[in-house]
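Quick note: the coordinates plus some simple rules give every number you see, no bench work behind them. Since the model is a prediction, treat every value here as computed from it, not as a measurement. No Cβ is skipped: glycine too gets one built from the backbone with ideal geometry, and neighbour counts run over all protein chains shown.
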Amino acid sequence: MKISKVAEILDAKIRCCEELAEDEVCSACGSDMMSDVLAFVKDQAVLLTGLVNTQVVRTAEMMDMRCIVFVRSKQPSEEMLALAEKCGIVVMTTDRRMYEACGILYKSGLNNYI
């Protein structure tokens with residue numbers, strides 16, 4: 001699935017790296033605990049979270065994730081967006097809750113979540 005499709009089905013707004021929105025992703029995970037992401041996530045391309053700090057971007061970079069979706073209307077800071085831009089990670093925001101967003105993505109074919 002293209003990142004642009006993820007944005008479309010989650011009614012999400014792409015906040016940075018829009019030029020990478022045609023990249024393909026095939027899996028995702030949802031967590032507000034970056035320690036769980038580091039410990040349990042493997043080969044995930046999309047991270048859904050409500051945690052808003054630079055550690056989220058650093059964790060995504062370390063895990064080679066391509067996209068971060070901030071749920072529950074959470075808004076990343078300019079510092080976070082600059083770091084994501086530098087790392088080549090698409091950042092988007094959605095009003096949907098994590099449970100709902102994960103369910104929508106699962107139903108649409110992204111089927112790996114924690």
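Just a few scattered comments:
- Figure legend: label point modelled 7 angstrom from the Cα of ASP23 along Cα→Cβ; residues of the range 70-114 with amide N under 14 Å from it are 83-92.
- In the chain, the DSSP-assigned H stretches of four residues or longer account for a calculated mean residue ellipticity at 222 nm of -10500 deg cm²/dmol, using -39500 (n - 2.57) per stretch and the full residue count as denominator.
- All aspartates and glutamates inside 18 Å of LYS5 as judged from Cα atoms, apart from same-chain residues fewer than 8 positions distant: GLU18, GLU19, GLU22, ASP23, GLU24, ASP95, GLU100
- In the range 1-60, GluC sites (Glu not before Pro) in a DSSP loop with at most 10 other beta-carbon atoms within 10 Å: GLU22
- Identified option (computed Kirkwood radius over Cα pairs in Å; candidates (i) 17.6; (ii) 14.0; (iii) 13.3): (iii)
- Residue ranges 28-38, 88-98 sort as 88-98, 28-38 when ordered by packing (mean number of other C-beta atoms within 10 Å per residue, highest first).
- Among beta bridges that DSSP assigns inside the chain, antiparallel share in %, nearest 5: 25 percent
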